[in-house]
Amino acid sequence: MRLPSLTLVVPARNEEACLPSTLASSGEASRRYRAAGGTVETIVSDNDSSDATAEIALACGARVTRERRRSISAVRNAGAAAAAGEALVFCDADTRISSNLMLEVGRTLRAGRYVGGGLVRVRTSRISPGILASASLLAPLVLRNGLAGVVFWTWRETFRELGGFDPDILVAEDVHFALRLRSLGRQRGLRYGFLPRASAVTSARRFDALGDWWLVRNPRILRDIYAARVREEDAWRTHYAGR
């Protein structure tokens with residue numbers, strides 16, 4: 001049975017510093033997938049960047065779509081709308097994926113038992129007591145939903161059936177989408193999958209900007225993340241400010 005064709009969607013706004021390493025890692029994962037008989041395209045969904053994000057994406061062989069609305073959900077949806085692949089893989093622009101990730105996604109979906117899923121082995125680019133404490137607070141969310149927040153995947157038609165990401169949700173849109181995806185899978189007798197053999201390294205830049213203990217010191221934001229309904233003022237302060 002052949003591997004499904006994949007589209008990697010990378011939402012990006014002013015990501016010229018991080019995007020090269022992200023696309024280098026996804027390029028290696030894509031080469032391994034093609035060597036196994038699959039096809040992969042990469043789309044960088046540019047959120048009205050004022051730096052060289054789009055030029056870097058094109059130089060790395062990615063297609064570029066553009067979305068002006070300042071909503072990560074809308075930016076992800078714009079990339080997905082242009083996808084040609086049978087399945088979608090979403091990866092943040094500051095995240096390096098393991099070289100086997102595409103293969104793990106393709107083989108898992110090909111098995112026919114999964115509606116989609118997330119990634120469980122994620123670490124930050126640096127570690128500190130505050131970051132470890134934050135990870136421990138988020139662990140129940142990961143264990144319950146199989147959601148790491150930086151890589152997730154599903155069939156393109158399933159994504160469209162769910163209506164994609166909710167553009168009115170500025171933060172924790174991935175939690176909201178994962179809950180809906182898992183619910184749809186249960187209705188159809190399909191699993192929400194994990195990729196225990198794949199991994200990713202994501203930047204610690206939010207901790208760099210807000211402090212390593214910011215999440216621990218803001219339990220209201222943590223509760224809102226669990227509910228997939230972060231308040232707009234918190235979203236702009238923690239995820240959109242300076243970007």
(message) How would Cys18, Cys91, Cys60 line up from fewest to most surrounding beta-carbon atoms within 10 angstrom?
(response) Cys60, Cys18, Cys91
(request) Quote the relative contact order of the range 25-85 in percent (integer), defining contacts as alpha-carbon pairs under 8 Å separated by 6+ residues. (result) 31 percent
(request) Would you be so kind as to identify which of Phe159, Thr108, Thr202 lies farthest towards the positive end of the dipole of the chain, taking Lys and Arg as +1 and Asp and Glu as -1 on Cβ and the Cα centre as origin? (result) Thr108
(message) Let me check against my output: what whole-number percent is the relative contact order of the chain, with C-alpha pairs under 8 Å and at least 6 apart?
(response) 23 percent
(request) Can you give me the P(r) profile for the range 1-139? Cα pairs, bins 5 angstrom wide beginning at 0, each as a whole percent. (result) 2, 10, 19, 20, 19, 15, 10, 4, 1, 0
(request) Could you please rank Glu161, Glu86, placing first whichever residue has the fewest other Cβ atoms within 10 Å of its Cβ? (result) Glu161, Glu86
(message) What FRET efficiency comes out for Arg66 versus Ala133 if R0 is 30 angstrom and r is the Cβ-Cβ distance? Round to the nearest 0.05.
(response) 0.20
(message) If the only charges are +1 at each Lys and Arg Cβ and -1 at each Asp and Glu Cβ, what is the size of the charge dipole of the chain around the Cα centre, to the nearest 20 debye?
(response) 940 debye
(message) With a cut-off of 8 Å between alpha carbons and a minimum separation of six or more residues, what is the relative contact order of the range 42-149 in percent?
(response) 18 percent
(request) Multiply the residue gap between Ala84 and Val216 by 0.36 nm, knock off their C-alpha separation, and tell me the result in nm, one decimal place. (result) 43.4 nm
(message) Just checking my list (i) 36; (ii) 25; (iii) 16 against percent of Cα pairs over 31 Å apart computed from this structure; which label fits?
(response) (iii)
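Every number in this text was worked out from the coordinates using simple rules, so none of it is lab data. Since the model is a prediction, treat every value here as computed from it, not as a measurement. Virtual Cβ from ideal backbone geometry, glycine too; neighbours counted across all protein chains shown.
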